[in-house]
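This report refers to the structure that appears directly beneath it.
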Amino acid sequence: MKKGLDAGTAFEILSIDIADVDVGKNIGAILQTDQAEADKKIAQAKAEQRRALAVAQEQEMKARVQEMRAKVVEAEAEVPKAMAEALRKGKLGVMDYYNLKNIEADTSMRDSISETSKKKENK
């Protein structure tokens, strides 16, 4: 309108300068881009949530392992007490006690030998 193109009929317009034509924004493309960005942020948030849950579960499992180890140590501490009580009541003889200690020493020796052979294999 500023250029006076509306003065005549449509047949009088012979050319249009494309540099003067304003092209509107492609709203559909902008909306799709915004939606894709929002979807990406949602996916990242969900991934972070899953990662945080996995870390929390790992920490929980480590705490359970420590708790179980504490129970094992506690139970192992009861063994000498139970053996002393059995010796006092005569349910465990001195020879039984010596045989038990011999088996423990043998087991310890075998474990030591097996650890040494494993170290040699790894070299």
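Annotations for the structure displayed:
- Every residue from segment 102-123 that is basic (Lys, Arg) and either surrounded by fewer than 10 Cβ atoms within 10 Å (Cβ to Cβ) or modelled with pLDDT under 90 (or both): LYS118, LYS119, LYS120, LYS123
- Filtered residues of segment 84-123 (kept if in contact with a helix residue (DSSP H, G or I) (Cβ under 7 Å, 6 or more places away or on another chain) and either in a helix (DSSP H, G or I) or in contact (Cβ under 8 Å) with a residue 24 or more places away in the chain (or both)): LEU87, TYR97
- Any chance GLU74 is closer than 30 Å to LYS101 by Cα and either without any contact (Cβ under 8 Å) to a residue 12 or more places away in the chain or assigned to a helix (DSSP H, G or I) (or both): yes
- When residues in segment 23-35 are screened for being among the hydrophobic types (A, V, I, L, M, F, W, C) and surrounded by 10 or more Cβ atoms within 10 Å (Cβ to Cβ), 2 of them pass.
- Some residue of segment 62-83 being of a type outside the set (D, E, K, R), surrounded by 10 or more Cβ atoms within 10 Å (Cβ to Cβ) and more than 33 Å from the chain's Cα centre (by Cα): yes
The values are calculated or read from the model by the stated rules, or taken from the named source; none is laboratory data. Not measured: the values here are computed from a predicted model. Using ideal geometry, Cβ is built from the backbone for each residue, glycine included, and neighbour counts are taken over all protein chains shown.
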